[in-house]
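Notes follow the structure.
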Amino acid sequence: MGKRAEAKADTRSKAIEAAQRVWALPGNYDKHGVREIAVAMDMSTGAVFANFKSKAELWCAAFPGQPVPVDSPMTRLAPKMLALLAQIGALDKDELVLAHFAPALAEDLHHMLGQASMALELQQAA
């Protein structure tokens, strides 16, 4: 393999690794594009597009066998839901039963469940 081919393969590998880091959390595919991938690999967007025709093609290389995420109200809500579930998981059973000791968390949960319900309705209607 010549130097040029090695450099191209190295750039491709860096783009895949950067995509895996940037898109690791649910919802990040929609939030972060090729520009953020290029920044993460300390290269230009042109370097990414020299190896991949699209953001979706890069996803397929970074996460083989996984479907390209679809932007929807539920995917945008997922990171907030995960954070809220982590907070709930940190509570002991007495705190869960006596929610009035954590009114802010109870209100966040109520609000988040309302958003999830609306998002699910929108997704089902689509």
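The values are calculated or read from the model by the stated rules, or taken from the named source; none is laboratory data. Given the structure is predicted, the values throughout are model-derived calculations rather than measurements. Protein only, heavy atoms only, side chains kept; ligands, DNA and RNA dropped before computing areas. Shrake-Rupley method; radii C 1.70, N 1.55, O 1.52, S 1.80 Å.
Results, tabulated for the structure shown:
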| quantity | calculated |
| --- | --- |
| Radius, Kirkwood style, for the stretch 2-45 when every pair of distinct Cα atoms is counted (Å) | 10.9 Å |
| Per-residue ³J(HN,Hα) for the stretch 13-29, Karplus 6.51 cos²θ - 1.76 cosθ + 1.60, θ = phi - 60°, Hz, x for Gly and Pro | 4, 4, 5, 5, 4, 5, 4, 4, 6, 5, 9, 4, 8, x, x, 6, 4 |
| Residue-level accessible surface for Leu25, protein heavy atoms, 1.4 Å, Å² | 110 Å² |
